[in-house]
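Comments concern the structure below.
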Amino acid sequence: MDTPENTLERPIDSIALGFALASAWGLAVAVLGFASRHGWGTRWRALLSDVYVGFEPGRGRTSAGVAWAAADGFLGGVAVGWLYNVFTRSRADSSDAPVQETASSTAAESAAGSSTTTSAGA
């Protein structure tokens, strides 16, 4: 089983995230399309018909909007997953760099260490 440290270092599967968002957004647009046939969400349907070509009232038109929405969700999920992996990789690379100590910080640490040992011995 992975420890919490290992799970944070694993990259996101961008393709799987794309399919997940495609399914969720496609389903949401399908529900909106079916609900708008009964008078609910007609303003949202009008808004999305400007974005997704062919998403208009009618039986075949809802499936065209769902297909566009699923493609949009897939591409958005892949892009977000890829960007996440790029940013976490660059952050991990910068945290792996050796820390440069200055002479003043090393002297301060050694002085603090010597004062604790003398007070403990007294």
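So which residues in segment 21-35 are among the aliphatic types (A, V, I, L, M) and in contact (Cβ under 8 Å) with a residue 40 or more places away in the chain, if there are any at all? Quick ask: steps written out before the conclusion?
First pass over segment 21-35, keeping only residues among the aliphatic types (A, V, I, L, M): 21-22, 24, 27-32, 35.
Those that are among the aliphatic types (A, V, I, L, M) and in contact (Cβ under 8 Å) with a residue 40 or more places away in the chain: L21, A22, A24, A28, V29.
If you check G60, G73, G65, which single one turns out to be surrounded by fewer than 19 Cβ atoms within 10 Å (Cβ to Cβ) and without any contact (Cβ under 8 Å) to a residue 60 or more places away in the chain? Please lay out each step first, then the result.
Values: G73 fails: surrounded by fewer than 19 Cβ atoms within 10 Å (Cβ to Cβ); G65 fails: surrounded by fewer than 19 Cβ atoms within 10 Å (Cβ to Cβ).
It is G60.
If I filter segment 1-11 for residues that are modelled with pLDDT under 90 and more than 23 Å from the chain's Cα centre (by Cα), do I get at least one hit?
Yes.
For segment 12-25, how many residues meet the condition of being surrounded by 15 or more Cβ atoms within 10 Å (Cβ to Cβ) and at pLDDT 95 or above? Full working, then the answer.
Taking segment 12-25 as the starting set, the residues that turn out to be surrounded by 15 or more Cβ atoms within 10 Å (Cβ to Cβ) are 12, 14, 17-22, 25.
Then keep just the ones that are at pLDDT 95 or above; that gives 14, 17-22, 25.
Matching residues across segment 12-25 total 8.
The values are calculated or read from the model by the stated rules, or taken from the named source; none is laboratory data. Since we're looking at a predicted model, the values are computed, not measured. Every residue, glycine among them, receives a Cβ derived from its backbone with ideal geometry; neighbour counts consider all protein chains shown.
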